[in-house]
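Enquirer: Quick one: structure below, then a few questions.
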Amino acid sequence: MGPIGNILLVDDDVSVLNAYGRILSLDGHDVQTASSGPEAINWLKKRNFDVVLTDFSMPGMNGLELLVNVRKYDLDVPVVLVTGNPSLETVMTALEFGALRYLTKPVDAVQLRAVTQEAVRLHRLALLKRQALGLLGMEDRQVGDLAGLEARFNSALDGIWMAYQPIVSLSQRRVIAY
């Protein structure tokens, strides 16, 4: 029997990565770790995960920026943000951008296990829903969170091109509009 879930842990503190990784590995999860946002993005390019659990405050790319980037690769994977310095503003922003949960450090092992199990279950349900909508020909009916919508919008903008066609007046022999 394979792993229960594929988990990506992201934190700039190696001791936190080791502790959380050990707890989740003992529960039967396949755990991959990254010490920065860009490293996590590299992992997301290589494989699919059931949960991304990330620190909020990291140098270079914080957890919220990572969440937005995660949506470019996977609209369904739950992202759990963990912070040592919680604030109402960051909680509201994280939830607005589609974070599943917002935990404060130090995270209790029981809470870590419960949140991870819930996230894996929700991810599997989201994948089944996406497959069902695909079979019904309704893939475009998926509504994502703000980060997912932003990723799709930016992707659409990247694919747009505009052609300028001159409108000429033959009698005046000049371009009158585009």
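The values are calculated or read from the model by the stated rules, or taken from the named source; none is laboratory data. Here the structure is a predicted model, which is why all the values come from computation and not from measurement. When we count neighbours, we look across all protein chains shown, and the Cβ atoms used for this are built from the backbone with ideal geometry, even at glycine. Only protein heavy atoms, including side chains, enter the accessible area calculation; ligands, DNA and RNA are left aside. Shrake-Rupley method; radii C 1.70, N 1.55, O 1.52, S 1.80 Å.
Enquirer: How much net charge surrounds GLY84 when only other residues with a Cβ under 11 Å from its Cβ are counted (Lys, Arg +1; Asp, Glu -1)? Write down the numbers at each step before the final one.
Expert: Working: positive: LYS105; negative: ASP11, ASP13, ASP55.
Residues close to GLY84 contribute a combined charge of -2.
Enquirer: Normalise the Debye intensity by I(0) for the range 7-49, one equal point scatterer per Cα, no solvent, then take log10 at q = 0.28 Å⁻¹ and round to two decimals.
Expert: -0.96
Enquirer: Let me ask something else. Give the angle, between 0 and 90 degrees and rounded to the nearest 10, that separates the Cα long axis of helix 146-158 from the longest principal axis of the Cα atoms of the chain.
Expert: Orientation of helix 146-158: about 40 degrees from the principal axis.
Enquirer: Mind ordering 93-99, 110-116, 122-128, 73-79 by average Cβ neighbours within 10 Å, highest first?
Expert: Working: 93-99: 18.7, 110-116: 16.4, 122-128: 14.9, 73-79: 20.7.
Descending packing order for the listed peptides: 73-79, 93-99, 110-116, 122-128.
Enquirer: For ILE176 and LEU136 in the same chain, what is the full-extension length gain: residue separation times 0.36 nm, less their Cα-Cα distance, in nm?
Expert: Working: separation 40, 0.36 × 40 = 14.40 nm, distance 4.86 nm.
Between ILE176 and LEU136, full extension yields an extra 9.5 nm.
Enquirer: Dividing the alpha-carbon Rg of the range 66-115 by 2.2 N^0.38 Å yields what?
Expert: 1.17
Enquirer: Take every Cα pair under 8 Å in the chain that's 6+ residues apart, average their separations, divide by the length, and report that relative contact order as a whole percent.
Expert: Once divided by the residue count of the chain, the mean separation gives 18 percent.
Enquirer: Over the range 1-123, give the accessible area per residue in Å² for a 1.4 Å probe, as an integer. Could the numbers behind the result be given before it?
Expert: Details: 5680 Å² over 123 residues.
Per residue, the range 1-123 has an accessible area of 46 Å².
Enquirer: A further question on this structure: Could you pull out every one of the lysines with an alpha carbon less than 19 Å from that of LYS45, ignoring same-chain neighbours closer than 8 positions?
Expert: Reachable lysines: LYS72.
Enquirer: A follow-up question, please. Just how many % of Cα pairs in the range 35-100 lie over 19 Å apart, if you round to the nearest whole percent?
Expert: Working: 491 of 2145 pairs.
That fraction is 23 percent.
Enquirer: What size of dipole, in debye to the nearest 20, comes out for the range 1-86 about its Cα centre when the only charges are +1 on Lys and Arg C-beta atoms and -1 on Asp and Glu C-beta atoms?
Expert: 240
Enquirer: A follow-up question, please. Can you give the helix-only mean residue ellipticity at 222 nm for the chain, where every DSSP H stretch with n ≥ 4 adds -39500 (n - 2.57) and the sum goes over all residues, rounded to the nearest 500 deg cm²/dmol?
Expert: Here the helix-only value at 222 nm equals -15000 deg cm²/dmol.
Enquirer: Taking +1 at the Cβ of each Lys and Arg and -1 at the Cβ of each Asp and Glu, which of GLN172, SER25, LEU135 sits farthest along the dipole of the chain towards its positive end, judged by Cα position relative to the Cα centre?
Expert: Result: GLN172.
Enquirer: Based on the Cα coordinates of the chain, what is the per residue volume of their convex hull in Å³?
Expert: Numbers: hull volume 29.7 nm³, N = 178.
Considering the Cα atoms of the chain, their hull volume per residue is 167 Å³.
Enquirer: For VAL82, what residues show an amide H to amide H distance below 5 Å, using hydrogens built from the backbone and excluding near sequence neighbours?
Expert: So VAL82 has HN proximity to THR54, ASP55, PHE56, LEU103.
Enquirer: Treating the angle as unsigned and between 0 and 90°, give the value, to the nearest 10°, between the Cα long axis of helix 109-135 and the longest Cα principal axis of the chain.
Expert: That works out to roughly 40 degrees.
Enquirer: Additional query: What is the magnitude of the charge dipole of the chain about its Cα centre, with +1 placed on the Cβ of each Lys and Arg, -1 on the Cβ of each Asp and Glu, and no other charges, expressed in debye to the nearest 20?
Expert: 720
Enquirer: Additional query: Using each residue's phi in the range 96-106, evaluate 6.51 cos²θ - 1.76 cosθ + 1.60 at θ = phi - 60° and report the 3J(HN,Hα) Karplus result to the nearest Hz, with x for Gly and Pro.
Expert: 4, 8, x, 5, 5, 9, 10, 10, 9, 7, x
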